[in-house]
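Data block below; observations after.
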Amino acid sequence: MNTPFHYRGDQLYVEDLPLAELAERFATPSYVYSESYLRQRYQAFSHALGPETMLCYAVKANSNLSILHRLATLGAGFDIVSGGELARVLRAGGDAARVVFSGVGKSRDELRRALEAGIHCINVESPAELARIEQVAAELGCRAPIALRVNPDVEAGAHPYIATGLRETKFGIPMAEAPELYARAARSPQLRVLGVACHIGSQLLDLAPIGEAAQRVLRLYETLVQRGIHLEHLDLGGGVGIRYRDEQAPTPADYAATLDAALGGLPVRRVVELGRALVGNAGALLTRVEYRKYNGSRAFCVVDAAMNDLLRPSLYGAWHEIWPLERRSGPEEPMDVVGPVCESGDFFAKARPLPGDLREGDVLAILGAGAYGFAMSSQYNSRPRAAEILVHGAEARVIRRRETLGELWAAEEPCS
Ligand code: LLP
């Protein structure tokens, strides 16, 4: 199943609920997620990768507590990039012992909290960070479990903003410098050298670069063994792409086979950090048509969601399918689907063929919005953030209520 969103007759459903009913009950804009799809995706990857792989969910993709809780219940570990994400995972009942912590700019306070919580591993991104971790561990009187995040310098074919495995990006430690730094870490009484990590980019449709990166990591592992340093795990990062339009997305089995082929029978635990592949197609953003208008010959459909709700089209030129909740048989017309925010970059689609008779009050579903949708949303233009709804079978639950106007300024000083 590629998406849990499907037509029954002329009505668009998620699982066993017509989306029109949800738009009526919870208003728009609202994010809607399918719990069954999320569970199926997690289980498909977990099954393909096998029990020896620690499947960590990349919290940044969608950090709603209910989503995290469900994944924790299924046995997921978590990949975090901030103290805020750690707090969310713990609040949602996640197991600290299954948490890995990535990111180039971890603060002292974040490192302290991670060590106090007893997380599985910190993925270290620079010599300076390694020194900081040693200091913080010394202050706490503990030994910090670490992996070096190396930069394998492979071209992943991702959008430039989300490709991370090339030498010129800010991520990771150059491969050539890693053995020396491992030797230093292995001598430190404050550090426990646990593994090696890499992540080369996101929305990867070709698995070959992931295999190539894994092979480079394996070569580093072997070099370290020769020097008497034995790692317990290899963290291959995330990045598995999904189908937004007509892409051939890798299957869980393809992904697992790629890692097997690269790493062979190496008896070392694996860790992966998947975000989008688990939640991306579980979610849609429901938005209502406010106006139709024409500027000269250009047709516009102005909707009530905007770039503050779903930034991906504006930021990456990303394609998201847009389906009307009620299927029409009349002629289509190419139109720009745009939001109310005062920027020309505020669009969801350009010249997209949609029913020519779309009118005020009709609702559209913007698909593939489960990952990096709500998580990247903001209150820009003083727009309260959307509601989030989780659907299971024929039941729907609000897992984040719509923000109120008062919440826009709740943290500000009152007028004085
Ligand atoms: N691990 C690390 C270290 C990462 O930096 C990322 C994503 C992941 C795992 C998860 O990657 P995934 O499996 O979700 O591809 N906002 C962008 C995507 C940014 C990805 C950043 N890092 C988008 O909307 O496409």
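Each label was represented as a point 7 Å from its Cα along the Cα-to-Cβ direction; for GLN215 and ALA97 these points are 3.7 nm apart.
Considering only DSSP beta bridges where both residues belong to the chain, give the percentage that are antiparallel (nearest 5). Within the chain, antiparallel bridges account for around 50 percent of the total. Here the convex hull built on the C-alpha positions of segment 221-301 has a volume of 167 cubic angstrom per residue.
Net charge of the neighbourhood of ASP336, taken over other residues with C-beta under 13 Å away and scored Lys/Arg +1, Asp/Glu -1, is +3.
As a proxy for reagent exposure, CYS301, CYS415 were ordered by neighbouring Cβ count within 10 angstrom, fewest first; the result is CYS415, CYS301. Each label point was placed 7 Å from the Cα along the Cα-to-Cβ direction; for ARG192 and ARG132 their separation is 2.3 nm. As a calculated quantity, the FRET efficiency between TYR291 and GLU332 at R0 = 22 Å, using C-beta atoms, amounts to about 0.75. Applying 0.36 nm per residue to the separation of SER107 and ARG298 and subtracting their alpha-carbon distance, the gain on full extension is 63.9 nm.
Under a Gaussian network description of the chain, with springs only between Cα atoms under 10 Å, the residue in LEU354, LEU148, LEU234 that fluctuates furthest is LEU354.
Any chance you could check the Cα centroid distance between segment 163-215 and segment 338-383 for me, in angstrom? The two parts, judged by their Cα centres, are 37 Å apart. Protection proxy ranking of 267-275, 279-287, by the mean of other Cβ atoms within 10 Å over each peptide's residues and highest first, is 279-287, 267-275.
For ALA410 and ARG227, the FRET efficiency from 1/(1 + (r/R0)^6), where r spans their Cβ atoms and R0 equals 60 Å, is about 0.65. Comparing mean-square fluctuations of THR28, THR53, THR73 from a GNM of the chain with C-alpha springs under 10 Å, the top value falls on THR73.
Translational diffusion of segment 1-121, estimated by Stokes-Einstein from the Kirkwood radius over alpha carbon pairs at 10 °C in a medium of 1.306 mPa s, is 99 µm² per second.
Summing Lys, Arg as +1 and Asp, Glu as -1, what charge do residues with Cβ under 12 Å from the Cβ of ALA365 carry, ALA365 excluded? It works out to a net charge of -1. Cross-link partners for LYS170 among the aspartates and glutamates, with Cα-Cα distance under 13 Å and sequence neighbours closer than 8 places in the same chain left out: GLU125, ASP153. In a reduced charge model with +1 at each Lys and Arg Cβ and -1 at each Asp and Glu Cβ, segment 37-94 shows a dipole moment near 240 debye about its Cα centre.
Within the shell of other residues whose beta carbon sits under 14 angstrom from the beta carbon of ARG219, the net charge comes to -1, with Lys and Arg scored +1 and Asp and Glu -1. Taking the convex hull of the alpha carbon positions in the chain and averaging its projected area over all directions gives 22.4 nm².
Estimated translational diffusion coefficient (Stokes-Einstein, Kirkwood radius over Cα pairs, 4 °C, 1.567 mPa s) of segment 63-274: 74 µm² per second. Counting neighbouring Cβ atoms within 10 Å and putting the fewest first, the residues ILE200, ILE242 line up as ILE242, ILE200. Within the listed set TYR42, TYR380, TYR255, the residue fluctuating most in the Gaussian network model of the chain (springs between alpha-carbon atoms under 10 angstrom) is TYR380.
A short reminder: the numbers here are calculations on the coordinates, not readings from a lab. Here the structure is a predicted model, which is why all the values come from computation and not from measurement. Because the Cβ atoms are built from the backbone with ideal geometry, glycine has one as well, and the counts that use them run over all protein chains shown.
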